[in-house]
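Working notes for the structure below.
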Amino acid sequence: MFRVSRIILALAVLGAVWFFWPFGKYDDVVPIAPPQPDTNQTNTGQDQLFTKPLSKEAAAPQDAASPDEGAREQPKPKAVLHPKRFYRVVVQDGGSLRAGDTTITLAEIEVAGLTGQCKDSRGQAWPCGRAARSALTRLIRGRAVMCHVPVKGDHKSLVARCSVGGNDLSFWMVAQGWAKPKQPAQAAFKEAAEAARERRAGIWR
């Protein structure tokens, strides 16, 4: 009888606990506010869950330009030439011509100048500058002179290779002994100058 009383008492206690226990009181969903963006920083992609890794080019610092690179002089591009015919050419000296208001200096040669003096094999001075002008005047004989001049630029003062009647004026003057090849000289000019010296032609007499 005592055991039955204890069982009844335990059931009564359990019933009371079940009756008074606040089941379901805290089952409401509590809303969670999303994180607010930091207004003090600009969006750099940090709010993304995954980001792409930096490439090797972007991650590696670019090499600074060497100071010597800027100081190096770049080679000047060669001027584009085209043939131009000059009329009524006047020979100023053994190395220059004048056509209208254009002065043309023959390229690749050096001359004594109009007032230049040379010494012959006996040591006597003679006006080789005037003789060189006379030789070039006889070659041209009032004919038109063809020169290769730059396509662009001022054509009032030129340094050019010119020809008349198929004769390159610079080479002809060296071969006839009236001019020296400008250094560094081309092989053909060197050979022509040596041949003129051996013949004692022009200024080499």
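List, please: which pairs have Cβ atoms under 7 Å, are six or more places apart or on different chains, and start with a residue in region 176-199 that is on the phi > 0 side of the Ramachandran plot and end with one that is of a type outside the set (S, T, N, Q) and buried (at least 19 other Cβ atoms within 10 Å of the Cβ)?
GLY177/ALA196; GLY177/GLY202; GLY177/ILE203
Out of ALA131, ALA135, which single residue is open to solvent by less than 20 Å² (accessible area, probe 1.4 Å) and either of a type in the set (Lys, Arg) or part of a helix (DSSP H, G or I) (or both)?
ALA135
Residue by residue through region 181-205, note down the ones that are open to solvent by 30 Å² or more (accessible area, probe 1.4 Å) and in a loop (DSSP other than H, G, I, E, B).
If the condition is that a residue be open to solvent by 30 Å² or more (accessible area, probe 1.4 Å) and in a loop (DSSP other than H, G, I, E, B), then LYS182, GLN183, PRO184, GLN186, ARG200, ARG205 are the ones that fit.
Please go through region 85-102 and pick out each residue that is surrounded by 16 or more Cβ atoms within 10 Å (Cβ to Cβ) and in a loop (DSSP other than H, G, I, E, B). Outline the logic, then answer.
Within region 85-102, the first condition is being surrounded by 16 or more Cβ atoms within 10 Å (Cβ to Cβ), and the residues that meet it are 86, 89, 91-97, 99, 102.
Matches in region 85-102: VAL89, GLY94, GLY95.
Open to solvent by 40 Å² or more (accessible area, probe 1.4 Å), part of a helix (DSSP H, G or I) and farther than 22 Å from LYS78 by Cα: is that true of TRP178 in this structure?
So TRP178 does not fit the description; no.
Looking at PRO67, PRO150, PRO83, which one is at pLDDT below 95, under 26 Å from ALA175 (Cβ atoms) and not polar (S, T, N, Q)?
Checking each option against the conditions leaves just PRO83.
For GLY123, state whether it is closer than 23 Å to LYS84 by Cα, in a loop (DSSP other than H, G, I, E, B) and out of contact with any strand residue (DSSP E or B) (no Cβ under 7 Å at 6 or more places or on another chain).
Against the criterion (closer than 23 Å to LYS84 by Cα, in a loop (DSSP other than H, G, I, E, B) and out of contact with any strand residue (DSSP E or B) (no Cβ under 7 Å at 6 or more places or on another chain)), GLY123 does not qualify.
Can you tell me which residue in region 138-158 is most open to solvent (accessible area, probe 1.4 Å), limited to those that are in a strand (DSSP E or B) and in contact with a Leu (Cβ under 8 Å, 6 or more places away or on another chain)? Quick ask: steps written out before the conclusion?
Filtering region 138-158 for residues in a strand (DSSP E or B) gives 145-150, 157-158.
Retained after the next criterion (residues that are in contact with a Leu (Cβ under 8 Å, 6 or more places away or on another chain)): 145, 147-150.
Details: VAL145: 1, CYS147: 0, HIS148: 88, VAL149: 0, PRO150: 38 Å².
For region 138-158, the residue satisfying everything is HIS148.
With the checklist (1) free of Cβ contacts under 8 Å to residues at least 24 places away in the same chain; (2) among the small types (Gly, Ala, Ser); (3) touching a strand residue (DSSP E or B) at 6+ places or on another chain (Cβ under 9 Å) in hand, flag the one item ALA132 doesn't pass.
(1)
Take the conditions crowded, with 18+ Cβ neighbours inside 10 Å, within 32 Å of the chain's Cα centre (by Cα) and at pLDDT below 95 and apply them to LEU106. Does it pass?
In short, no.
The values are calculated or read from the model by the stated rules, or taken from the named source; none is laboratory data. Everything numeric here is computed off the predicted structure, so don't read it as measured data. We place every Cβ from the backbone using ideal geometry, glycine too, and count neighbours over all the protein chains shown. Quick note on the areas: whole protein, heavy atoms, side chains included, nothing else; ligands and nucleic acids left out. Shrake-Rupley method; radii C 1.70, N 1.55, O 1.52, S 1.80 Å.
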